[in-house]
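Please read the structure below before turning to the comments.
Values quoted throughout were computed directly from the atomic coordinates according to the rules given, and no laboratory measurement underlies them. Computed from a prediction, not measured in an experiment: that's the story for all the values here. Here Cβ is always computed from backbone atoms with ideal geometry, including for glycine, and neighbour counts include all displayed protein chains.
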Amino acid sequence: MDPRRKVAGEIVQFVGGQLQGQVADQVKRRLAAWNDPRAKLDRRYRRSSRVLTFWLIVLAILAVVGTLALVGVLPVAAGVGAAIGFAGTGVLAVRTNTRMRAIDTARKQLAVAPARTPLPARSSAARQPMERLEHAEDTLRELLHQLDSATLTSVPTESIAQARETGAEAASAIRAVSQQLQAVERARDTAPPLDRAPLVEGVRRLRAQLDEGVDGYCGLVAAAGRVLAESTASNPRQVLGEASDHLAGLASALRDLSPWI
């Protein structure tokens, strides 16, 4: 085979694989956005708003017909029909408005999910740890939400707040290491072959830090899961507190080890 055709074929396969990965990521994110609870409530609210607008238009038409019947422009039968229709449509409009208000209340009570940071490229060493982090964040958010319910009175509110704050701080530090790793990867791929050895070692070291950070975050998730599984435990404050302190120390260490964070 012609070497040029072989190289061209490899390039096409590489680009095709990259595009497929990007398209898959976009489809996954759009599907997640569509299934987001707040997005579902927004769609229900818009549908109810359109229905209410329709009922109001019908009410306006029926009111005009009733008025014309009263002044004698239209027969009495038309006025009676308009009155009956106005009453029935009014009930439907009130029910739709009540539904809209309930949906709006649910939207306000529903916490807005934080904006997602795009995942690293599939070829990046940071991809797999960041996928683990996203999954762990979702799990921790759900666990702390359940622990914060009024029925689990054995869990102090301040412990939950500390765990939530520590988790957010640690996730920020981990993402900073991920961005640093990706920058070093780009430098490694651009550098001349003879200058790549230190960059390869830098990627390896940063990947190890990234794995350690995600493992620590997952430790906090595990602690929250244990507290939820034993919600009547004698000292849930200690379980969450120890995990939060460990993760806070790990986040601080990540910042110290990576001076650009």
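Brief remarks on what is shown
- With a Förster radius of 35 Å applied to the beta-carbon distance between Thr139 and Arg50, the computed FRET efficiency rounds to 0.40.
- Between Arg127 and Ser172, the FRET efficiency from the beta-carbon distance, with R0 = 30 Å, is close to 0.95.
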